[in-house]
4 protein chains.
Amino acid sequence: MELWYTEEHTEDVRFSIKVDKVLYSGESEFQRIDVFYSKEFGKILTLDGLMMLTEKDEFIYHDMIVHVPMATNPNIERVLVIGGGDGGTVRELTRYQTIKKIDMVEIDEEVVKICKTYIPQTAGKLDDLRVQIFFEDGLKFVRKQKDEYDLIIVDSTDPFGPGEGLFTKEFYGNCYKALKENGILVNQHESPYYSNYANSMIRAHRRIKEFFPICKVYQAHIPTYPSGHWLFGFASKTFDPIEDLEENKWNSLGLKTKYYNTELHKGSFAIPNYVKELLDSEYE
Amino acid sequence: MELWYTEEHTEDVRFSIKVDKVLYSGESEFQRIDVFYSKEFGKILTLDGLMMLTEKDEFIYHDMIVHVPMATNPNIERVLVIGGGDGGTVRELTRYQTIKKIDMVEIDEEVVKICKTYIPQTAGKLDDLRVQIFFEDGLKFVRKQKDEYDLIIVDSTDPFGPGEGLFTKEFYGNCYKALKENGILVNQHESPYYSNYANSMIRAHRRIKEFFPICKVYQAHIPTYPSGHWLFGFASKTFDPIEDLEENKWNSLGLKTKYYNTELHKGSFAIPNYVKELLDSEYE
Amino acid sequence: MELWYTEEHTEDVRFSIKVDKVLYSGESEFQRIDVFYSKEFGKILTLDGLMMLTEKDEFIYHDMIVHVPMATNPNIERVLVIGGGDGGTVRELTRYQTIKKIDMVEIDEEVVKICKTYIPQTAGKLDDLRVQIFFEDGLKFVRKQKDEYDLIIVDSTDPFGPGEGLFTKEFYGNCYKALKENGILVNQHESPYYSNYANSMIRAHRRIKEFFPICKVYQAHIPTYPSGHWLFGFASKTFDPIEDLEENKWNSLGLKTKYYNTELHKGSFAIPNYVKELLDSEYE
Amino acid sequence: MELWYTEEHTEDVRFSIKVDKVLYSGESEFQRIDVFYSKEFGKILTLDGLMMLTEKDEFIYHDMIVHVPMATNPNIERVLVIGGGDGGTVRELTRYQTIKKIDMVEIDEEVVKICKTYIPQTAGKLDDLRVQIFFEDGLKFVRKQKDEYDLIIVDSTDPFGPGEGLFTKEFYGNCYKALKENGILVNQHESPYYSNYANSMIRAHRRIKEFFPICKVYQAHIPTYPSGHWLFGFASKTFDPIEDLEENKWNSLGLKTKYYNTELHKGSFAIPNYVKELLDSEYE
């Protein structure tokens, strides 16, 4: 059977995956949601036609968005996840016994429902007792918080459609306010390679820098995202992700991970010259 | 105009680039050679339909295959490049005044001719006086060498077609012999993500380990190669690429690079757990 | 959303339709069944990935497979449809008050169920009281019949997979036997343009000619079938489709049709020289 | 090698051909010109990315645009071809000894040059002594002619780009004037199936009807044109293409044709009901 999912990375670049079965297709109030099955990637979630995750490589994204801040400050107890409706970020967080509270704010309840039904690999820990899910706009939710969280993870879609507000100056300012005095903000930070993504990356970086004294970028290989070169932002009030890395402490936890390790943690902050130049550029 | 170049990364994964112009298409004695022009990537070279380089991102591959060994041992004087007909590896090598001799062995003279005509960006330094090109089989060439080179760079195609011999045990053994007592062997090492490439990676790694006491793998983000996650092998008789890295010395050379820097050098050897497991696996 | 259905007409020719929604995907005992929705074509039925019908142009196929024999012999009362699980052929037959009995033999009950649920446009008349559906192998069914039908319509898939037996010499011989003394056999007859289809066409034609004194081929424009040039076979014991055409009688019925008319009926038997040569060729 | 030519028949329909070799690509003053080689179709000519002809099936188009008028009036002596730079229409015309003069007006000299070099199958008769080529705008050329030709063939591109003027009311009026008292105008008439083409068809038909007392449409199966269902317009001052068909006379000429025959001639004017309705519709 020849059914192909195609994502246009740019007008001139197409990435196509043979779809063996469409498990779900529907429109929520906010976006189109599709779940495919592919021999190569297992289950695939797309929102508005953009790749969100595949069973084959979601571990890369979720390892990197969670374990990097957690190994930097293993004393994190209160976490806010903004977006992340597939549950993968929460799944990794629940592995830490020391975390006491995980608030997740997802604008689209449908995404959570569908992932619970079709993608238990990521959604299976959303019922953990420490997790509370708020189905509302992350931007509005964070406005109301003050001095509340040790860690905020922005696990959003791209800044087109429902995820747009999560890339604004107002949002980052509110995150700063919502964090405790030694709080950490981690966000998915787009890609440096194709210019439309690179522009989002530059803009996000500049805005976060206005609020946080420490503001770095780290990278991972995520083959199913445009260019396969994906970035995360690490911003904090006090912690440096390299100098403060609690290598022994994290390793003593004995968490088994398929992508992350503490060597990689350090290595992932070493970014190519061309990415550094983009991040420092005046261009927006 | 709608003309698309499509590379099948696996049976179920296609990567397609809109081609604005086909600059050259032909069959050499060894393989099919095509040069395209794309708005997104500039000139593109493919051999037997497989992506070799694009003007947009060839700097990543060539930075990583050359500067990693050169910053580990800045005293390298005699270099052998096997393959590399596009000239990009030689171009980076010629930037080192300290290098006295660069032998390049390329099986397919046509590739060199065509790159000189169509892709001067990479081929422009093949006429450097220190460079001598041998149009013959790399496997046969290296058999005849003994205690000759400080560095061998295997800049080959995938181990299908003409590049096949450059992934054999015999070849690596001959490289060992051709290197001086503190020689370094660097090779393009395929990708860990899709199983056909991962198998080549595992096989190459195991074979190199049989000869070289130091045998490591480092990674780069090359968006136009399958999965965008590409590996290089670093093998040597004495040098460790991290411990022996001559950070200050390399930086004092003042070479401007778009991808490589000495932080990235160290970071690139920190590889994901799943890749380590593959490299250590018994499976071939 | 970028989901594309692709049919490979040959190894070198792909026809792709943007799919807005996958309405059904499943495997029956006999074949894979998919129902898509496309903005351009409405609902689409594919079996084993091959295009069967679209809401936009199914009228062409069903007009031509039914009205050509019915206008040649308006006295037809007993009809056997072999295949045709989508119901479109039966729908057109039920428009004739003079038809008393329609037996339909479809090997795959799932196809009928799914078309009733998803494609009422074609399946809506399968409950007509004159229709009796037999879920069994058409080849076996017809073996048991003798002197029973005025018209047999073979509305089969291509001669790959479940439809294979419906292109054999034994099958056509049994059809001859199952027909009354002035019976007509109409079958979908593949396409003359691409060689794999043309070979099936040649083979079918030769085999039918061995049994039926009158054996002609007529054509229609079906844009969603490979090449858009599709043929039907008209074989009979006594009726000639042109000389015996009951033009006035058929027109007096007042049936509204979107493709068929009696001028077109005559015109459709005028086939290109290259098709005639293929049909007369010795090659199989 | 995976290089694919893709024509978008509509936004939701893509027709793709595997290209073995790009023989020529360039921009003339008027349009982009490409010549491909494909295993399935042989040489392929595209203008501005739109399919013009393939070696495999150009005989269909050229048979139908030339032999239909020539069999209707075998006394035609003076012919004007507008467009037709590939030479296929002229090639068929030169087979008639009775034709004394063939003027061809092609706006783009590059097209003729390239077809002479790469596609002699169609361009091989452009040097016939009766042929005179004018490289100018067909609309302007025909303005200057009066009572000059027995037959005008408009062998144009689609009414987008350089071919646009050849679908205007002014143009058809000038054709009428340029024709002798029993002159015939034949033009490629787009396709009824996809709405963008159907609109061009409707518009052309309405405009021609305003000038010519006899105005009919005939059809052919051209698999490489959008939908495979292509139309031609036959307009004339006196000749009816069916009633006046000189069947015996044409057949006595002994011209060997792969598509056309006089039965098909008559059959091709029998068009489907839905096409008739479109042609009669008020919609433009």
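Nothing in this text is a laboratory measurement; each read-out follows from the coordinates by a stated rule. Being a predicted model, the structure only gives us computed values, none of them experimental. In this analysis, Cβ positions are derived from the backbone assuming ideal geometry, glycine residues included, and neighbour counts consider all displayed protein chains.
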Exercise for the section: Quick one: which residues, 5+ away or cross-chain, put their amide H under 5 Å from the amide H of C:K39? H built at 1.01 Å from N. Expected result: C:D20
Practice task
Quick one: which residues, 5 or more positions from C:Y260 or on another chain, have an amide H under 5 Å from its amide H? H modelled 1.01 Å from N in the peptide plane, none for Pro or chain starts.
Solution key: D:N273
Handout entry: For segment A:23-97, the fraction of alpha-carbon pairs in successive 10 Å shells from zero, as %
Key = 17, 44, 28, 12, 0
Handout entry: Euclidean distance of C-alpha centroids, segment D:11-49 and segment B:205-284, integer Å
Key = 43 Å
Practice task
List the distances, in nm and shortest first, from the label point of A:S28 to the matching label points in every other copy, placing each point 7 Å from Cα along the Cα-to-Cβ direction.
Solution key: 3.6, 5.3, 5.4
Practice task
Could you size up the charge dipole of chain D around its Cα centre, putting +1 on the beta carbon of Lys and Arg and -1 on that of Asp and Glu, and report it in debye to the nearest 20?
Solution key: 780 debye
Handout entry: Partner chain coverage, peptide C:219-226 - average Cβ within 10 angstrom
Key = 5
Fill in the blank from the handout: Once both label points are put 7 Å beyond Cα along the C-beta direction, the D:T117-D:D20 separation in nm becomes 2.1 nm
Problem - Loop-located trypsin sites (Lys or Arg not before Pro) in segment A:169-266 whose Cβ has at most 15 other Cβ within 10 Å (DSSP) - result: A:K256, A:K258
Completion exercise
So, with points 7 Å from each Cα along the Cβ direction, the A:E77-A:E29 label distance in nm works out to 3.5 nm
Practice task
Take every DSSP beta bridge with both residues inside segment A:58-280 and express the antiparallel ones as a percent of the total, to the nearest 5.
Solution key: 40 percent
Exercise for the section: Output, in nm with one decimal and in ascending order, the distances from the C:N199 label point to the matching label points of the other copies (7 Å from Cα along Cα-to-Cβ). Expected result: 3.0, 4.4, 5.3
Completion exercise
Expressed in nanometres to one decimal, the distance between label points 7 Å along Cα→Cβ at B:D240 and D:N182 is 10.1 nm
Practice task
For every helix of n ≥ 4 consecutive DSSP H residues, a contribution of -39,500 (n - 2.57) applies; sum these over chain B, divide by its total residues, and give [θ] at 222 nm rounded to the nearest 500 deg cm²/dmol.
Solution key: -8500 deg cm²/dmol
Exercise for the section: With +1 on each Lys and Arg Cβ and -1 on each Asp and Glu Cβ, and nothing else charged, work out how big the dipole of segment D:4-54 is about its Cα centre, in Debye to the nearest 20. Expected result: 340 debye
Completion exercise
Rg/Rh over Cα atoms for chain B, Kirkwood Rh, comes to 0.94
Handout entry: Exercise: per-residue mean of other protein chain Cβ atoms within 10 Å, B:259-268
Key = 5
Exercise for the section: Could you sort C:184-192, C:141-149 so that the peptide with the highest average Cβ count within 10 Å comes first and the rest follow in order? Expected result: C:184-192, C:141-149
Fill in the blank from the handout: Most fluctuating of A:V13, A:V68, A:V217 in the GNM of chain A (C-alpha, under 10 Å) is A:V13
Handout entry: Per-residue ³J(HN,Hα) for segment C:12-26, Karplus 6.51 cos²θ - 1.76 cosθ + 1.60, θ = phi - 60°, Hz, x for Gly and Pro
Key = 10, 9, 10, 10, 10, 10, 5, 9, 7, 7, 9, 7, 7, 9, x
Completion exercise
The ³J(HN,Hα) series, computed from each phi in segment C:238-252 with the Karplus coefficients 6.51, -1.76 and 1.60 at θ = phi - 60°, rounded to the nearest Hz and given as x for glycine or proline, is 9, 7, 9, x, 9, 5, 9, 4, 9, 4, 5, 4, 5, 5, 5
Handout entry: All lysines inside 16 Å of B:K113 as judged from Cα atoms, apart from same-chain residues fewer than 8 positions distant
Key = B:K43, B:K125
Fill in the blank from the handout: Output for the protein assembly as shown (equivalent-ellipsoid semi-axes, sqrt of 5λ from the C-alpha gyration tensor, Å, descending) is 62, 38, 28
Handout entry: Placed amide H near C:R130: partners under 5 Å, 5+ positions off or other chain
Key = none
Completion exercise
Rounded to the nearest whole number, the per residue volume of the convex hull around the C-alpha atoms of segment D:155-284 in Å³ is 124 Å³
Handout entry: Residue and distance (whole Å) for the chain A Cβ nearest the axis that superposes A on B
Key = A:G228, 1
Completion exercise
Relative contact order in percent for chain A (Cα pairs under 8 Å, 6+ apart) equals 16 percent
Completion exercise
Bridge orientation stat for the protein assembly as shown from DSSP, antiparallel percent rounded to 5, came to 65 percent
Practice task
Could you work out the mean count of beta carbons from other protein chains within 10 Å of each residue's beta carbon in D:26-32?
Solution key: 1
Exercise for the section: Quote the charge dipole size of segment A:141-277 about the Cα centre in Debye, to the nearest 20; the model charges only the Cβ of Lys and Arg (+1) and of Asp and Glu (-1). Expected result: 220 debye
Completion exercise
Inter-copy distances for A:K101, nm, shortest first, label points 7 Å along Cα→Cβ, are 7.1, 8.0, 9.6
Practice task
Enter the Cα centre distance for the pair segment C:59-81 and segment B:132-175, rounded to the nearest angstrom.
Solution key: 71 Å
Practice task
Step through the residues of segment A:92-97 one at a time and calculate ³J(HN,Hα) from phi using the Karplus curve (6.51 cos²θ - 1.76 cosθ + 1.60, θ = phi - 60°), rounding each to whole Hz and writing x for Gly and Pro.
Solution key: 5, 4, 5, 6, 8, 5
